Structure formats: C-alpha cells, structure tokens
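The values are calculated or read from the model by the stated rules, or taken from the named source; none is laboratory data. Nothing here was measured: the structure is a model prediction, and the numbers come from that model. We place every Cβ from the backbone using ideal geometry, glycine too, and count neighbours over all the protein chains shown. Just the protein is used for accessible areas: all its heavy atoms, side chains included, with ligands, DNA and RNA removed. Shrake-Rupley method; radii C 1.70, N 1.55, O 1.52, S 1.80 Å.
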Amino acid sequence: MSEEAEKPVEYNLEADSELRFELEAKGEKVFVELKSGFAELFGTELVKGKAYEFTTGAKVAIFTYHGCVLEVKGKTDVLYVAKETPMVQYINCHAALEQMREIAEEKNVQGPIVMVVGPMDVGKTTLCRIFLNYAVRVGRRPMFVDLDIGQGCISIPGTIGAILVERPASLEEGFSQQAPLVYHLGHKSPSSNDALYRIIISKMAEVTLEALQANKKTKASGMIINTCGWVKGGGYRHLLHAAQAFEVGAIFVLDQERLYNELLRDIPAFVKVVLLPKSGGVVERSGASRAEARDIRIKEYFYGHRSPLYPHSFDVKWSDLKIYKIGAPALPDSCMPLGMKAEDNMTKLVAVQPGPNLLHHILAVSFAESIEDDVIQTNVAGFICVTHVDCDRQTITVLSPQPRPLPNVILLLSELQFMDTH
Ligand SMILES: Nc1ncnc2c1ncn2[C@@H]1O[C@H](COP(=O)(O)OP(=O)(O)OP(=O)(O)O)[C@@H](O)[C@H]1O
Ligand SMILES: [Mg+2]
C-alpha cells in the first residue's frame, strides 16, 4: 500500500503506557510523530513535531511516563498500546545506579560496573540501551561493553566490542560507533571457541577497566555490560568469568529465576544480583531472523544505514598478506606434546593459504604488527570482505571501509560470510 493511501492515526497514551508495533513485510515504512506530551524509545526522547521513520524489521515500543499523543502513518503488522510495562522498575534501577555514580564522583572512585544477563529474547540489549540512554541524559559518560558474539550491537558479529557513550542512541541507528575497541573471535557462537572467548573477555576487561580510569567523568559513570543469551553450561561459566574479570558490582537478571538463583549461589555476596521482569513487548526471534540480523549488521558496517557509507573495492596480492585463523582442529590430549592441553590448540594461530576458500569471508584486520605480537589479544582495526578470488593472478578483491592500502597485513579469518549484492 502506498504511503499516501494510509491515513495517519492518532494514539492517546496514558502515563506509564507504551505503543508497540512491528514491521515485517518487506519495503514497508511507518512514520511516527510526537504531537504532544513526552515520549521515549528505549530511553531516547522523541522530539516533538519530528516524523521518525521505521522500516522493515523494526520492533518498537514508544513509552511515556507522563502521557502523550502519537501520530502513526503507514501500515504495521502488529500495533497495540500496552499498559503493563516494567519501565518503572527499570528506571528505579537506573536511579540506584545514579546514586552510586554520585558517591563515586564525590570520592573520585570508580562508578558502578553492571552486567545484564538472561536467556535469549528477554530484552537484555534493550535494557542496556535504556540504562545507557538514561545515564547520558543526566550528563554521564558510561562505557558500553557488548560481549554478545552473535547479536551484539558494536562492530560486526563474531566479535566483542566496547564504546564510550556520549550521546543518547539515535532512534534509527542506535549508538554512535566512533573508535570502538573490538576483539575478534571469528565465530557466530562462543561455543565454537570457548578458550578464545574467555581470553578476549579477560583482555577486554583489563583494557576497559584501565580506560575507565583515564577520565574522571567516565570513571564515575561506570560501565554497562551486555551478554549473550547462552546461560546454561558453558554459557553460564562464561557469565561467571565475565563477572569476575570485570569486577562487576551488580548483575541484572532478566526473566529467569533459575539463572538468578544460580548466580546468588555462585557469585560473592558483595555483588548485588537483581531479578527483573522482562517486558511483554519483547519479540522472540527465530534462528532465521537472527541470521538475517547478522547479515544486516555486516551490510551496515560496509554500506551504512540511514546515512550511507561508500566502501572501497580493490585487489590485494596473496603474497602481500598474512592470513591466519585461530584454533587448530582439536586433537585428543594424548596426542598433544607433553605439558600441553587440547585447549591450547584452540588459541593457536594457524596460517591460511589464500585461495577460493576465502570467498565471501570476513577478514579482521589486526592491529598486531608481527606475529611475534600476541595477535589473539590484540584488538582489530576493522574488517574487510573477500568478494573475488583470482587464482591465476594470485590476488583477492576486497570490500573495505577505507581506501587502499590496508592498514595492516595480518588478517584473521572469520567463519562469517557476507554476499555483497550491492
Ligand atoms: N517493550 C518492547 N516492545 C516491543 N518490542 C520490544 C520491546 N522491548 C524490546 N523489544 C524488541 O524485541 C527484540 C528483542 O529484544 P532484545 O534484543 O533487547 O532482546 P535480547 O534479550 O537482547 O535478545 P538476544 O538474546 O538476541 O540478545 C528487539 O527487536 C527489540 O527491539
Ligand atoms: Mg541481545
């Protein structure tokens, strides 16, 4: 249906309610405008009189603490007003964090370092966004660390990242991602290389905790850490390890009492563990839509979202590159040299011979200058994608956010692939 054919509809929201909608059909667009009152989207305030555009895939809740009138133009798949939301509990948690920040500021000590955990599809990422937005809205400058490998919102999938948050997230594009700190895992799930995931979490904790000290404002603002929805077995052990590595002061557990009780049992008593309800609005995502979300993130990395980016494409000689993957095929412990465990193999650099095997793969450009550096614990500058392999000329064609030359020649192969159909 064309936009013109859609009549705008006004919704009058009472205090503490939210308008939820989803857009599934391809090519659909919806415009929302705040006519009066105050409203926010996952913690970012809407500007009155501005038409915000939402496109396919959007799953949105516009909440109001005081009541508002919203005008919606366009066709949505689902749209309703919900009066039951956990927003008051969430803002109370923010208020508690804010008190901790005030004390930290006075005493010039570190502010709250908190982690958000829970099973899949409970609104972890959304809650982090709300906490971060509320913090910057009162003048803080918190650090955001995303440990979610598959559905993280910093950089691209297959990595963990950290950014300093100085402005509320843009409604359409999320938080601004200037100079993120990124470590490469190279897989969609931590379980593909637990040993490496553990190491990069420790490294990320070490570097971000130190960076926090560099600036008084950031130090008092603290850190919000997002995690992935794998909360059983190995996933749970990663959560415990992250809590310890980042020396978290509080853990917000969304939705799952079992996880909450396990953490109460296993986490030292000085760490506050708080159980919070999930919002009824959080939408479950299928495996297929998660895969699609990963593709979209990679596409946006190269091509941008609302504000377009123009990536470069150029050829690089095989002989100019040093490509590695991390982790050799597992051998039983009995086959390992004396004193080495099979796990050690998973953190080894293995040289990769360029060839058709690289086609469509993402390569992380390491900051490491030589392989004598600790490559796996070195952050990455960015990513390129192999769009063509020429075996005769022994070159690869790459898609790169920056023009040639590549800033570095040590490249780490990722399991993730991207089909450049632009
Ligand atoms: N109150 C709400 N109303 C409508 N949609 C919502 C609401 N809260 C969150 N969503 C949407 O639900 C989806 C899932 O939320 P979110 O990504 O925060 O969950 P998650 O627990 O981080 O998931 P994952 O396990 O994939 O990391 C998102 O698309 C988000 O925009
Ligand atoms: Mg998430």
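How many residues are within 16 Å of ligand 1 (Cβ to nearest atom) and surrounded by 15 or more Cβ atoms within 10 Å (Cβ to Cβ) if we restrict to segment 35-54?
9
Taking the criterion of being within 16 Å of ligand 2 (Cβ to nearest atom), farther than 30 Å from residue 329 by Cα and either crowded, with 20+ Cβ neighbours inside 10 Å or at pLDDT 95 or above (or both), would at least one residue in segment 212-223 satisfy it?
no
Any chance segment 205-218 includes a residue that's within 19 Å of residue 188 (Cβ to Cβ) and more than 16 Å from ligand 1 (Cβ to nearest atom)? Walk me through how you get there before you give the answer.
At the first step, the residues of segment 205-218 found to be within 19 Å of residue 188 (Cβ to Cβ) are none.
Scanning segment 205-218 turns up no residue that is within 19 Å of residue 188 (Cβ to Cβ) and more than 16 Å from ligand 1 (Cβ to nearest atom).
Out of all the residues in segment 272-284, is one or more in the same structural domain as residue 194 (by TED's automatic domain parsing), out of contact with any strand residue (DSSP E or B) (no Cβ under 9 Å at 6 or more places or on another chain), at pLDDT 95 or above and open to solvent by 80 Å² or more (accessible area, probe 1.4 Å)?
Among the residues of segment 272-284, not one is in the same structural domain as residue 194 (by TED's automatic domain parsing), out of contact with any strand residue (DSSP E or B) (no Cβ under 9 Å at 6 or more places or on another chain), at pLDDT 95 or above and open to solvent by 80 Å² or more (accessible area, probe 1.4 Å), which makes the answer no.
Among strands (runs of 3 or more DSSP E) lying entirely in segment 287-373, which contain 1 or more residues that are modelled with pLDDT under 90? Outline the logic, then answer.
On the way: elements: 312-317, 322-326, 349-351, 361-366.
In segment 287-373, no matching strands (runs of 3 or more DSSP E) lie anywhere.
Among the residues of segment 307-327, how many are touching a helix residue (DSSP H, G or I) at 6+ places or on another chain (Cβ under 6 Å) and open to solvent by less than 20 Å² (accessible area, probe 1.4 Å)?
Summing the residues that are touching a helix residue (DSSP H, G or I) at 6+ places or on another chain (Cβ under 6 Å) and open to solvent by less than 20 Å² (accessible area, probe 1.4 Å) in segment 307-327 gives 2.
Residue check, residue 386 against (1) surrounded by 17 or more Cβ atoms within 10 Å (Cβ to Cβ); (2) touching a residue at least 60 places away in the same chain (Cβ under 8 Å), all met but one. Which one?
Single failed check for residue 386: (2).
Considering 247, 257, which residue is at positive phi and surrounded by fewer than 17 Cβ atoms within 10 Å (Cβ to Cβ)?
Being at positive phi and surrounded by fewer than 17 Cβ atoms within 10 Å (Cβ to Cβ) holds for just one of 247, 257, which is 247.
How many residues, within segment 104-162, are among the acidic types (Asp, Glu) and away from ligand 1 (no atom under 13 Å from the Cβ)? Walk me through it before giving the result.
Applying the first criterion (among the acidic types (Asp, Glu)) to segment 104-162 yields 105-106, 121, 146, 148.
Restricting the remaining residues to those that are away from ligand 1 (no atom under 13 Å from the Cβ) gives 105-106.
Result for segment 104-162: 2.
Exactly one condition in (1) of a type in the set (Val, Ile, Thr); (2) within 16 Å of ligand 1 (Cβ to nearest atom); (3) not assigned by TED's automatic domain parsing to the domain that holds residue 219 is not met by residue 91; state its number.
Result: residue 91 passes all but (3).
Among the residues of segment 172-183, is any more than 24 Å from residue 213 (Cα to Cα) and at pLDDT 95 or above?
No: segment 172-183 contains no residue that is more than 24 Å from residue 213 (Cα to Cα) and at pLDDT 95 or above.
Among (1) open to solvent by less than 30 Å² (accessible area, probe 1.4 Å); (2) within 15 Å of ligand 2 (Cβ to nearest atom), which single condition is residue 298 missing?
Of everything listed in (1) open to solvent by less than 30 Å² (accessible area, probe 1.4 Å); (2) within 15 Å of ligand 2 (Cβ to nearest atom), residue 298 misses just condition (2).
Could you run through segment 33-59 and say how many residues are touching a residue at least 24 places away in the same chain (Cβ under 8 Å), assigned to a strand (DSSP E or B) and more than 14 Å from residue 74 (Cα to Cα)?
Here is the first cut: in segment 33-59, the ones touching a residue at least 24 places away in the same chain (Cβ under 8 Å) are 33-46, 52-59.
Next cut, assigned to a strand (DSSP E or B) only: 33-37, 40-41, 44-45, 52-55, 59.
With more than 14 Å from residue 74 (Cα to Cα) added as a condition, the list becomes 34-37, 40-41, 44-45, 59.
Residues meeting the conditions: 9.
Take the residues of segment 56-70 that are farther than 15 Å from residue 88 by Cα and within 13 Å of ligand 1 (Cβ to nearest atom): which is surrounded by the most Cβ atoms within 10 Å (Cβ to Cβ)? First the steps, then the outcome.
Going residue by residue through segment 56-70, those that are farther than 15 Å from residue 88 by Cα are 56-60, 68-70.
The next check asks that each one be within 13 Å of ligand 1 (Cβ to nearest atom); those that pass are 56-60.
Working: 56: 15, 57: 14, 58: 16, 59: 17, 60: 21.
Per the criteria, the residue is 60.
Of all residues being out of contact with any strand residue (DSSP E or B) (no Cβ under 7 Å at 6 or more places or on another chain) and closer than 21 Å to residue 305 by Cβ in segment 131-164, which is nearest to ligand 2 (Cβ to nearest atom)? Just the residue, please.
Among those residues, the one meeting the criterion is 151.
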